[in-house]
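The values are calculated or read from the model by the stated rules, or taken from the named source; none is laboratory data. In this text, all values refer to a predicted model and were calculated from it rather than measured experimentally. Backbone-built Cβ (ideal geometry, glycine too); neighbour counts: all protein chains shown.
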Amino acid sequence: MRLATTALALMLSAPCAAQTASQPLPEEAIPSVVTLPASYPPSWILVHDLHTASILDGRMVIADTADKSRPLKGMVRAAQFASSLYSPSRREILTAETFYPRLTRGERTDAITIWDTATLRPKGEIILPGGKRQQSVTYSGLFQLTNSDRWALVANFTPTQSITVVDLDARKVLNEIDLPGCSHIYPTGERGFSSFCADGSMISITLDDKGAVASSKTIEGVQDIDKQPMFQMPAMIGKTAWFVTYHGQLKAFDLSGQVAKPLDVNLSVGAAEGGAPEWRPAGWQVIASDAKGRLYVLMNPAGKEGSHKDGGSEVWVIDPASGERLSRISLPNGATSIVLTREPTPHLVAARMDGPIDVLDAATGKLVHSLGSRIASNPTVLTPGS
Amino acid sequence: MTMSGLDKLTEGFSRHLARTTSRRSSLAWLGAALAGAVAVPALPVSRAAAAEPKRAARVAEDPGDPTSCDYWRYCAIDGFLCSCCGGSVSTCPPGTEMSPITWIGTCTNPSDGRAYVISYNDCCGTSSCGQCSCHRSEGDRPQVRPQSNNDYNWCLGTESSIYHCSAAAIIGVAIEP
């Protein structure tokens with residue numbers, strides 16, 4: 001017992017001796033809150049976290065893919081199957097969300113919140129009338145910008161389909177456009193958008209300065225929804241949207257003019273040995289582009305009917321200009337969503353819907369580091385930070 | 001990625017099942033859509049509600065574990081299984097409200113070989129159940145075809161759009177196209 005008491009006294013006295021031998025730690029100014037750079041560095045990405053364990057508390061996370069020790073830099077709220085948008089030119093993150101005053105019950109309010117990229121604090125709000133905002137697993141095509149980023153377009157689904165046009169600068173709703181049978185928003189021209197429709201066509205709509213339809217044009221037969229459906233989120237190369245189909249065909253639409261123009265490309269991701277039964281694209285955000293205009297497609301060797309959301313074990317890199325497949329990148333932990341950073345030497349970010357995020361060298365295909373699940377619970381859509 | 005990792009991702013994608021959405025189910029969805037989000041008088045919900053759950057008596061004809069993602073009716077489901085959340089394969093857990101508007105799958109019952117039209121009714125008004133997450137997409141098509149897409153939150157026409165879990169009720173035998 002005496003021995004134990006002596007040992008305890010030694011333990012207690014040792015730190016005291018150390019303190020007297022050096023200066024105490026300085027006092028720290030509080031309260032203190034970190035601020036981010038208003039324009040995010042090229043290694044940063046934005047990760048939409050659906051947060052399936054509590055979907056009403058989803059998030060949009062800002063992360064530095066080059067920071068292995070502390071990749072998570074901040075987050076904003078993205079509640080209840082939110083849609084999120086990042087506008088570097090506005091230096092804003094936008095979320096379109098749904099709220100109930102008693103968390104799960106009460107009168108529904110839909111709203112766009114405008115978040116400052118530096119402070120991550122809300123700086124504006126626009127109420128969306130009618131409680132009709134489309135809620136679904138995160139898609140980029142449900143919330144988009146047009147009119148030089150001054151306006152936002154929000155998809156509605158009740159299941160009646162329509163698009164709400166919002167003036168972000170004036171903080172007001174301009175109009176609602178009925179869009180029966182058509183879904184998702186692909187900004188087209190200076191002030192307008194295109195959508196895919198249930199009969200396999202595409203519609204392009206231009207808007208007047210009040211947000212009303214100025215003109216519309218249907219482009220027939222752009223998609224065989226039964227046999228060759230397209231994944232709904234494209235990779236953009238300039239103003240051209242590149243889609244990949246469930247079977248690996250590549251389709252391109254020039255969205256620079258007032259009417260979407262299907263490009264005459266006869267490209268596919270190609271085939272490979274070892275598929276059982278065959279390699280097919282699979283995942284959530286399955287196609288991405290880099291700053292040099294190469295396409296990256298997430299591939300699964302067990303491709304069959306119903307496998308299209310399973311995620312992939314490889315990324316195939318395609319040069320759409322030559323049609324050549326440049327490389328196959330093996331993903332050590334698989335992925336459901338991919339994106340390329342805009343660094344001089346781009347990195348391939350590979351996220352799995354159940355959390356883990358890996359960072360690979362896009363040129364060599366080598367793993368740079370695994371960031372684990374320290375950024376998001378359920379990463380869905382990834383957006384380059386610059 | 002290792003194959004075991006892939007297996008984990010793919011969960012229950014082992015069977016190749018019939019998937020064609022029948023004309024009947026498409027019309028059912030269209031009818032619900034036309035009726036609007038609030039006044040939904042007929043189609044999937046009333047059938048699901050009227051159906052007496054008699055699985056216990058006919059388990060040999062309706063084989064499998066409804067708390068497992070492999071269960072045949074879940075061929076196009078995406079969400080938390082109500083069977084793990086206090087409900088059952090065709091009933092919502094207490095405190096929730098069943099969505100009257102649904103998406104549709106066509107799944108083959110391994111016992112009788114028939115293709116059944118399955119109505120995946122979301123249960124709404126309580127936060128995410130969080131149990132038995134199950135994702136299968138046989139016959140799933142892009143959102144442009146809503147009745148065949150499992151990515152929507154189908155808590156539509158309910159008092160609250162908060163998603164809790166998904167049930168999988170038989171609403172008929174599929175008519176071959």
Going through the range A:248-276 in order, the residues found to be closer than 19 Å to A:Trp316 by Cα and within 23 Å of the chain's Cα centre (by Cα) are A:Gly248, A:Gln249, A:Leu250, A:Lys251, A:Ala252, A:Val269
Scanning the range A:138-184 for residues that are among the aliphatic types (A, V, I, L, M) and not in a strand (DSSP E or B), the one farthest from A:Gln285 (Cα to Cα) turns out to be A:Ala170
Across (1) farther than 29 Å from A:Arg91 by Cβ; (2) more than 13 Å from every other protein chain (Cβ to nearest Cβ), A:Ser386 clears everything bar (1)
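Would you pick out the residues in the range A:170-182 that are more than 14 Å from chain B (Cβ to nearest Cβ) and surrounded by 13 or more Cβ atoms within 10 Å (Cβ to Cβ)?
Narrowing the range A:170-182 to residues more than 14 Å from chain B (Cβ to nearest Cβ): A:170-177.
Residues satisfying the conditions are A:Arg171, A:Val173, A:Leu174, A:Asn175, A:Glu176, A:Ile177.
Out of the residues in the range A:43-74 that are charged (D, E, K, R) and part of a loop (DSSP other than H, G, I, E, B), state the one that is farthest from the other protein chains (Cβ to nearest Cβ). Spell out the reasoning first.
Here is the first cut: in the range A:43-74, the ones charged (D, E, K, R) are A:49, A:57, A:59, A:64, A:67-68, A:70, A:73.
From what is left, the residues that are part of a loop (DSSP other than H, G, I, E, B) are A:67-68, A:70.
Numbers: A:Asp67: 24, A:Lys68: 21, A:Arg70: 26 Å.
Applying the filter and picking the extreme gives A:Arg70.
Hey, any hits in the range A:248-265 for a residue that's of a type in the set (Asp, Glu) and away from chain B (no Cβ under 14 Å)?
Going through the range A:248-265, the residues of a type in the set (Asp, Glu) turn out to be A:254, A:264.
Still in the list and also away from chain B (no Cβ under 14 Å): A:254, A:264.
Scanning the range A:248-265 turns up at least one residue that is of a type in the set (Asp, Glu) and away from chain B (no Cβ under 14 Å).
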Counting only residues in the range A:187-207 that are away from chain B (no Cβ under 14 Å) and surrounded by fewer than 22 Cβ atoms within 10 Å (Cβ to Cβ), the one farthest from A:Ala235 (Cα to Cα) is identified as A:Thr206
Of the residues in the range A:322-347, those that are under 30 Å from A:Asp264 (Cβ atoms) and in contact with a Ser or Thr (Cβ under 8 Å, 6 or more places away or on another chain) number 4
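Filter the range B:100-142 down to residues that are hydroxyl-bearing (Ser, Thr, Tyr) and under 30 Å from A:Met202 (Cα atoms), then give me how many there are.
First, the residues of the range B:100-142 that are hydroxyl-bearing (Ser, Thr, Tyr): B:102, B:106, B:108, B:111, B:116, B:119-120, B:126-128, B:133, B:137.
After this cut, where a residue has to be under 30 Å from A:Met202 (Cα atoms) as well, the list is B:102, B:106, B:119-120, B:137.
Of the residues in the range B:100-142, 5 are hydroxyl-bearing (Ser, Thr, Tyr) and under 30 Å from A:Met202 (Cα atoms).
Out of all the residues in the range B:139-153, is one or more of a type outside the set (Phe, Trp, Tyr), over 24 Å from A:Gln232 (Cα atoms) and touching a residue at least 12 places away in the same chain (Cβ under 8 Å)?
Filtering the range B:139-153 for residues of a type outside the set (Phe, Trp, Tyr) gives B:139-151, B:153.
Among the residues that remain, those that are also over 24 Å from A:Gln232 (Cα atoms) are: none.
Within the range B:139-153, none of the residues are of a type outside the set (Phe, Trp, Tyr), over 24 Å from A:Gln232 (Cα atoms) and touching a residue at least 12 places away in the same chain (Cβ under 8 Å).
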Checked against (1) within 13 Å of chain B (Cβ to nearest Cβ); (2) touching an Asp or Glu at 6+ places or on another chain (Cβ under 9 Å); (3) under 23 Å from A:Gly355 (Cα atoms), A:Lys304 satisfies every condition except (3)
Flagged in the range A:214-243 as buried (at least 20 other Cβ atoms within 10 Å of the Cβ), within 12 Å of chain B (Cβ to nearest Cβ) and not in a loop (DSSP other than H, G, I, E, B), in numbering order, are A:Met230, A:Phe243
Scanning the range B:99-128 residue by residue, those surrounded by fewer than 24 Cβ atoms within 10 Å (Cβ to Cβ) and either at the interface with chain A (Cβ under 7 Å from one of its Cβ atoms) or closer than 23 Å to A:Leu103 by Cβ (or both) turn out to be B:Gly125, B:Thr126, B:Ser127, B:Ser128
Discussion item. Can you confirm whether A:Ala276 is out of contact with any Gly (no Cβ under 6 Å at 6 or more places or on another chain), within 20 Å of A:Val381 (Cβ to Cβ), modelled with pLDDT of 95 or more and not in a strand (DSSP E or B)?
Written reply: no
Okay, strands (runs of 3 or more DSSP E) sitting entirely in the range A:279-371 with 2 or more residues that are surrounded by fewer than 19 Cβ atoms within 10 Å (Cβ to Cβ), I get A:324-335
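Which ones in the range A:103-159 are of a type in the set (D, E, K, R) and within 11 Å of chain B (Cβ to nearest Cβ)?
Taking the range A:103-159 and keeping what is of a type in the set (D, E, K, R), we get A:105, A:107-108, A:110, A:116, A:121, A:123, A:125, A:132-133, A:149-150.
Once the filter is applied, which keeps residues that are of a type in the set (D, E, K, R) and within 11 Å of chain B (Cβ to nearest Cβ), the range A:103-159 yields A:Arg105, A:Glu107, A:Arg108, A:Asp110, A:Lys132, A:Arg133.
With the requirement that a residue be within 14 Å of B:Cys82 (Cβ to Cβ), part of a loop (DSSP other than H, G, I, E, B) and more than 7 Å from chain A (Cβ to nearest Cβ), what does the range B:129-177 give you? Before the answer, list the steps.
Filtering the range B:129-177 down to residues within 14 Å of B:Cys82 (Cβ to Cβ) leaves B:129-134, B:154-155, B:163-169.
Now narrow it down to the ones that are part of a loop (DSSP other than H, G, I, E, B): B:129-132, B:154-155, B:167-168.
Of everything in the range B:129-177, those that are within 14 Å of B:Cys82 (Cβ to Cβ), part of a loop (DSSP other than H, G, I, E, B) and more than 7 Å from chain A (Cβ to nearest Cβ) turn out to be B:Cys129, B:Gln131, B:Cys132, B:Trp154, B:Cys155, B:Ala167, B:Ala168.
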Of A:Ser39, A:Ser89, the only residue that is touching a Ser or Thr at 6+ places or on another chain (Cβ under 7 Å), closer than 23 Å to A:Trp151 by Cβ and in a loop (DSSP other than H, G, I, E, B) is A:Ser39
Exactly one of A:Asp354, A:Asp310 is facing another protein chain (nearest Cβ under 10 Å) and closer than 15 Å to A:Asp49 by Cα, and that residue is A:Asp354
Log entry, pairs with first residue in the range A:316-332 being within 14 Å of another protein chain (Cβ to nearest Cβ), second being of a type in the set (D, E, K, R) and in a strand (DSSP E or B), beta carbons closer than 6 Å, six or more apart or on different chains, reads A:Arg328/A:Glu314; A:Ser330/A:Glu314
When (1) on the phi > 0 side of the Ramachandran plot; (2) crowded, with 18+ Cβ neighbours inside 10 Å; (3) within 22 Å of the chain's Cα centre (by Cα) are applied to A:Ser148, the one that fails is (2)
Screening A:Asp224, A:Asp254, A:Asp264, A:Asp209 for residues that are within 23 Å of A:Leu142 (Cβ to Cβ) and either modelled with pLDDT of 95 or more or in contact with a Ser or Thr (Cβ under 8 Å, 6 or more places away or on another chain) (or both) leaves only A:Asp254
